[in-house]
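Some notes on the structure that comes next.
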Amino acid sequence: MSDLVGRPSKTLLLGSVELTLPGAIVEAGKPTTKRFIEFFTAHIRNPNTREAYGRAVRDFFARCDEYRIGPLIDIEAVHVAAYIEQMGKSKAPQTVKQHLAGIKAMFDFLITGGVLAASPASAVRGPRYSTKKGKTPILLADDARTLIRSIPTDTLSGLRDRAIIATMTYSFARVSATLAMDIKDVFPMHHRLWLRLHEKGGKHHEVPCHHSLELYLREYIAAAGLEEGPLFRTLRGRSDKLNEKRLHRTECLAMIKRRARQAGLENAELLCNHTFRGTGITAYLRNEDSKLEHAQQIAGHADPKTTLLYDRRSDEISLDEVEKIGI
């Protein structure tokens, strides 16, 4: 609780998001304020969802304050719809839909707590969005290999960064699942190291390590002398020693961009934490004897359509085909 409530009744600390309690909530009374705080601290268990919804609710109430919309009971569907409509002019459809989901979830929680009789967001519809191909930038196999091999291994930070990137690439792991691992989540079984990944919804997903990943993990763990606690940790100041603090995904993103620049990769600034999940899946599916259902199993996807969003083999086919234009 202390990690979530910074100054009781005033500010919630939701990961990297600082949410000051909205005036409309505070003015509605203590029961409403309590229920609002419970939505983030007790109802939402996933830290990433908590952070995303906190950002959505914060921005919505900031807009309400800007246009002097309130008190809470006077917020109507037209206000939510106007906010979503204006947001769609500058944000991607996925972002707008996520914000609307957060706003709806918050109002629904207030309703079940007896604070409101109806939700002003229930009738609001978000933008339509569908895709057969994801937009996350991925690396060609040669570029991924170049990046991993370019990381110096004579420092603990280098061993750590190589192990992080390799984990996301070879196990198709999300960055949140990668950074959530403890030492105990790397364990031997069937003469090989395995990973226990903490996925969405509190699910655990176990996957064997590629032989290269096993080597990188063993070298990092041995050099760091890790026995318990978080697997991937922050560094102590400018030293090459580890803290007890778990590495955050924003710090991981900064590391990835820095390592990509140092490796001389094209469009290094466009790479993201999710890049390596897609890179690994695409590299696997390029093999003639690969199977989509196996890629789905390794990635921990419930639907093979989700796995296909990471498949970028068609990019290479398109490039090959345009070169056949004989002009």
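Miscellaneous remarks
- Filter pass, residue 78 being touching a helix residue (DSSP H, G or I) at 6+ places or on another chain (Cβ under 8 Å) and of a type in the set (A, V, I, L, M, F, W, C): no
- All of (1) at positive phi; (2) modelled with pLDDT of 95 or more hold for residue 190 with one exception: (2).
- Among the conditions (1) open to solvent by 30 Å² or more (accessible area, probe 1.4 Å); (2) out of contact with any strand residue (DSSP E or B) (no Cβ under 9 Å at 6 or more places or on another chain), the only one that residue 159 does not satisfy is (1).
- Any pair with Cβ under 7 angstrom, 6 or more apart, that starts in the stretch 279-295 at a residue that is at positive phi and ends at one that is open to solvent by 60 Å² or more (accessible area, probe 1.4 Å): none
- The residues in the stretch 33-75 that are over 30 Å from the mean Cα position of the chain (by Cα) and β-branched (Val, Ile, Thr) can be counted, and the count is 3.
- Conditions (1) buried (at least 17 other Cβ atoms within 10 Å of the Cβ); (2) modelled with pLDDT under 90; (3) in a loop (DSSP other than H, G, I, E, B): number failed by residue 282: (3)
- Positions within the stretch 134-153 being closer than 14 Å to residue 270 by Cβ and buried (at least 21 other Cβ atoms within 10 Å of the Cβ), in sequence order: 138, 139, 147
- Qualifying residue in the stretch 235-244 (condition: under 23 Å from residue 207 (Cβ atoms), open to solvent by 50 Å² or more (accessible area, probe 1.4 Å) and modelled with pLDDT under 90): no
- Of the numbered criteria (1) open to solvent by less than 60 Å² (accessible area, probe 1.4 Å); (2) assigned to a loop (DSSP other than H, G, I, E, B), the one residue 216 fails is (2).
- Selection count where residues are crowded, with 19+ Cβ neighbours inside 10 Å and touching a His at 6+ places or on another chain (Cβ under 8 Å), scope the stretch 181-195: 1
- When the helices (runs of 4 or more DSSP H) confined to the stretch 1-95 are screened for residues that are in contact (Cβ under 8 Å) with a residue 40 or more places away in the chain, surrounded by 15 or more Cβ atoms within 10 Å (Cβ to Cβ) and not aliphatic (A, V, I, L, M), those reaching at least 1 such residues are found at 30-38, 47-66, 77-87.
The values are calculated or read from the model by the stated rules, or taken from the named source; none is laboratory data. Predicted, not measured: the structure shown is a model, and the values here were computed from it. Don't worry about glycine lacking a Cβ; one is built from the backbone with ideal geometry, like all the others, and counts go over all protein chains shown. The accessibility values were calculated without ligands, DNA or RNA, using every heavy atom of the protein model including side chains. Shrake-Rupley method; radii C 1.70, N 1.55, O 1.52, S 1.80 Å.
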